Amino acid sequence: MRTKVAIIGAGPAGLTLAKLLDLQGVDCIVFEQRSRDYVEQRTRAGILEQPTVDLMAEVGLVDRIHAEGIKHDGFYVTFDEATHHLDFNALVGGHATVYAQQELVKDLVSDRLANGLPLMFEADVTAIENRVDGASVTVRHEGRTFEVEADFVACCDGYHGVGRAAIPAESRTEIEQTYPVAWLGILARTTPVTPEGMYCAHENGLSVHSMRGARITRQYLQVPADTDLADWSDNRIWDELAVRSAGASADGLERGEIFDRSMAPLRSYVNETMQHRRVFLLGDAAHIVPPTGAKGLNLAVSDATVLAHGLAAHFLGNDRRWLDDYSATCLPRIWQAQLFSATLTATLHRLTDDPLQWRLNRARLQSWVTSEAQRRALGEVYLGLPFPVGWQYAAS
Ligand code: RFL
Ligand code: PHB
């Protein structure tokens, strides 16, 4: 088997890249380790930036986002038992759209399969050969192992994937910090406490009150990193969410059936060496942001536009410049998202018992409420900085 671009992983990065290559006539094959059902059910992110929605509109995949997504102007913050709305739309334009990651994945998968394009599920890439003049991947599928030759390999295989190892450790520049806390996340059949998402910076730690629809909420609690989910009964979760969001609703927080629960660690990570020879890293394979601020999925999509443009320039225009500059083109936007996520994480969580830090965090929260300049700066990143380049290659 041979293809121009072997794509490892059918998450937002891999599927978006495949779509953008397909539209430019560059053939690729997507290999996904898990089943279709698994990737279409996996509960993860939920907030799309405006540039992500705009991209989906450009490629003809926005109908369900418009029909089922919920447009938000900004978010609420609660601290010292008072709730404030930060309206970013009024200052910078655009929206944050609530649309579950697995719904975006479903849209991209069904589009690719409907167009008869190659996407193999339960196809595990076990090895990558990264040569100067080409590449190959070894795939295990239904008990068989085979090699696929490719001009390039796009590793969209997440933080735990095999892609990063195809770049020699001695040439990688990696920056990483783990936080002493995790997010305990639930999905519940309740009505959202506020019309848009809310972050509550409480002395017990952060709570996040988001949603997936009029009667489905997605809520998170900051917990110690070594927390055992089994120690958190439904009642304990509801009690703690209620304590942390006190003041946000006169009636208190509605309780209901919890039908999904999970733990997510908090980590800031960037591998600045996003390319080596024929291998490129995209999305979580190259960088992780803590979930505060909801940037991860959007960064994955942004990387895909840069690589799609570079690959199209190479194959259609015989121009290697954009591929050579892939990391350098992606990194400034990645670092802006890292800064934003780290700032929100430090401000909204309780990470230390240091009274100075606590008061500095209150001061920063106050400035978000009182200063239009602060809100504008926050809003520009929350609603989405422009992607570094357009996905379409136009010969100049
Ligand atoms: P993914 O989605 O992890 O997809 C990688 C895919 O690669 C497959 N794979 C392989 N396939 C073949 N062979 C192999 N050897 C393979 N190894 C792995 C995997 O099965 C998988 O299908 O990475 P991608 O595409 O880079 O997308 C990144 C996003 O998933 C991630 O950044 C977000 O979910 C982060 N995130 C959020 N991002 C947002 O933009 N907005 C949010 O609201 C938001 N909330 C969140 C989040 C992540 C969270 N958790 C669970 C960490 C909330 C949480 C709680
Ligand atoms: C979500 O709705 O899943 C969500 C909301 C806000 C975040 C992260 C995730 O900061």
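Only the coordinates and a few stated rules stand behind these numbers; no lab work does. Being a predicted model, the structure only gives us computed values, none of them experimental. Here the Cβ is made from the backbone with ideal geometry for all residues, glycine too, and neighbour counts use every protein chain on show.
Overview of values
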read-out: Approximate spin-label separation ARG376-ASP133, in nm, with each point projected 7 Å along Cα-to-Cβ; value: 5.6
read-out: Cα-centre dipole for segment 178-266 with unit charges at Cβ (Lys and Arg positive, Asp and Glu negative), debye to 20; value: 300
read-out: Kirkwood Rh in Å, taken over all unlike Cα pairs in segment 296-396; value: 15.9
read-out: Between segment 149-211 and segment 326-396, the alpha-carbon center distance in angstrom; value: 15
read-out: Selected from MET56, PHE75, LEU86, residue furthest toward positive end of dipole (segment 1-160; charges at beta carbon); value: MET56
read-out: For segment 151-209, alpha-carbon Rg relative to the globular expectation (2.2 N^0.38 Å, N residues); value: 1.84
read-out: Longest site-free stretch - the chain; sites: trypsin sites (Lys or Arg not before Pro), DSSP loop, at most 11 other Cβ within 10 Å; value: 132-319
read-out: Base-10 log of normalised Debye intensity for the chain (one unit scatterer per alpha-carbon) at q = 0.06, 0.07 Å⁻¹; value: -0.24, -0.32
read-out: Added length on full extension, which subtracts the Cα-Cα distance from 0.36 nm per residue, TYR38 to HIS276; value: 82.6 nm
read-out: Cα-centred dipole magnitude for the chain, charges only on beta-carbon of K, R (+1) and D, E (-1), debye, nearest 20; value: 240
read-out: Tensor-based shape of segment 198-240 (alpha-carbon gyration tensor, a/c under 1.5 rounded, otherwise prolate or oblate); value: oblate
read-out: Zero-based 5 Å bins, Cα pair distances in segment 178-266, whole percents; value: 3, 15, 28, 28, 17, 8, 2, 0
read-out: Given 14 as the ceiling on other Cβ atoms within 10 Å, longest exposed-site-free region of the chain for GluC sites (Glu not before Pro) in DSSP loops; value: 258-396
read-out: Ellipticity estimate at 222 nm from DSSP helix runs (n ≥ 4, -39,500 (n - 2.57)) divided over the chain, nearest 500; value: -10500 deg cm²/dmol
read-out: For TYR76, distant residues with modelled amide H under 5 Å away; value: LEU86, GLY197, MET198, TYR199
read-out: Helix runs (DSSP H) in the chain reaching 27 Å along axis by Cα, Kyte-Doolittle at least 1.0; value: 296-317
read-out: DSSP-defined antiparallel bridges as percent of all bridges, the chain, nearest 5; value: 75
read-out: As computed over segment 25-127, the Cα convex hull volume per residue (Å³); value: 166
read-out: Förster radius 45 Å - calculated FRET efficiency between GLN357 and LYS4 (Cβ-Cβ, nearest 0.05); value: 0.30
read-out: FRET E, pair ARG215, HIS66, Förster distance 22 Å, beta-carbon r, rounded to 0.05; value: 0.65
read-out: Rh (Kirkwood; distinct C-alpha pairs) - segment 253-310, Å; value: 13.7
